[in-house]
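Worksheet: one structure, shown below.
Here, each number is a calculation from the coordinates, and none is a lab measurement. This is a predicted model, so every value here is computed, not measured. Positions of Cβ are generated from backbone atoms using ideal geometry, with glycine treated the same way; all protein chains shown enter the neighbour counts.
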Amino acid sequence: MWQDPVVEEIHRTREEISERFDGNIAAIAEDAARRQGASGRPVWKPETPNKNFQPTR
């Protein structure tokens, strides 16, 4: 079966990040937000937040 080398690299990177934070998704997100802020690059933010398509109760 043919494997795409780009997809394989993405899978390896995701596994490395997960191992670094013991699979803690909150810690991964906090680290990503910290690195994003430190980068100084502009971040797109929508003018309006996403709307729910399903009614909430």
Once Lys and Arg are counted +1 and Asp and Glu -1 for all other residues with Cβ under 12 Å from that of Asn24, the total becomes -3
Residue-normalised 222 nm signal for the chain, counting each DSSP H run of n ≥ 4 as -39,500 (n - 2.57), nearest 500 deg cm²/dmol, is -18000 deg cm²/dmol
Reviewing (i) 44, 34, 24; (ii) 47, 30, 17; (iii) 31, 19, 17, the figure for Cα extents along the principal axes in Å actually calculated from this model sits under (i)
